[in-house]
Amino acid sequence: MTSTQKIKAVIFDLDGTIADTLPLCIAAFKQSVEPLLGKSISEEEIIATFGPSEEGTIRKLIPGHEDAGVTAYLKYYEALHHTCPAAFAGVRELLDLLKNKGVLLAMVTGKGKHSTRISLKQFGLESYFETLETGSPEGPNKVNGIRTVLEKLGTSKAESLYVGDAPSDVKYCKEIGVPIAAAAWASTADESELKKLEPEYLFTSIADFSNWIKDQI
């Protein structure tokens, strides 16, 4: 993105970017998987399966109980959402700023479509995103998701920006050639790991990101 190139589209991740939902995901996985597995499972074991959507995670953790596991996961994910009742402070104002300036908004997340809808409804953010691409049970699918969104929005890579908190998000964006603003404002973000991957931009607070993007749109 050149100094004169304005951002016309911003594509957001969800977990750890829009809200601090990772602890909620872990709790829902534990409550849904452990009874079917017949033993306790650690947070590290759960995180090690991340990449595909939660359907894919459950398939890895309890291969013989995928349907029951997914049903239980969505039940607990919704029931426990009171532990993450709102998006990060400043997110709604940021989305309003972008929308009011005519910036196209989209979401590409590794979450499954059902849990994504549950969270967006909980946060009252369903109406903000022009298009939404969710994860695949088969494995990481953000590269295809971002490409699909760019095509749907009709924007070029250079005039678009992805906002995500995971090191893998930086890698995917570099593969596609889309600039990324690495979001290091969640409790679960690893700022040093993100820096190593040299994202185009890195922000440790939503306020800093909002102040910066005002001059880019």
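The values are calculated or read from the model by the stated rules, or taken from the named source; none is laboratory data. Owing to the predicted nature of the structure, the values given are computational and were not obtained by experimental measurement. When we count neighbours, we look across all protein chains shown, and the Cβ atoms used for this are built from the backbone with ideal geometry, even at glycine.
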- Query: Which one of these does Pro52 not meet: (1) at pLDDT 95 or above; (2) touching a strand residue (DSSP E or B) at 6+ places or on another chain (Cβ under 7 Å)?
  - Reply: (1)
- Query: Could you count how many residues in the stretch 74-116 are closer than 26 Å to Glu54 by Cα and in contact with a Lys or Arg (Cβ under 7 Å, 6 or more places away or on another chain)?
  - Reply: 3
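Quickly run through the stretch 3-51 and pick out the residues that are free of Cβ contacts under 8 Å to residues at least 40 places away in the same chain and in a loop (DSSP other than H, G, I, E, B).
Ser3, Thr4, Gly38, Lys39, Ser40, Ile41, Ser42, Ala48, Thr49
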- Can you name the residue in the stretch 166-184 that is in a loop (DSSP other than H, G, I, E, B) and under 20 Å from Gln216 (Cα atoms) and is also nearest to the chain's Cα centre (by Cα) among such residues? Ala184
- Of residues in the stretch 44-94 being crowded, with 19+ Cβ neighbours inside 10 Å and of a type in the set (S, T, N, Q), the one farthest from Phe129 (Cα to Cα): Thr57
- Message: Return the residues of the stretch 127-154 that are in contact with a helix residue (DSSP H, G or I) (Cβ under 9 Å, 6 or more places away or on another chain), closer than 18 Å to Val103 by Cα and part of a loop (DSSP other than H, G, I, E, B); say none if nothing qualifies.
- Response: Phe129, Glu130
- Message: Criterion first (touching a helix residue (DSSP H, G or I) at 6+ places or on another chain (Cβ under 6 Å) and exposed (fewer than 15 other Cβ atoms within 10 Å of the Cβ)) does Glu198 satisfy it?
- Response: no
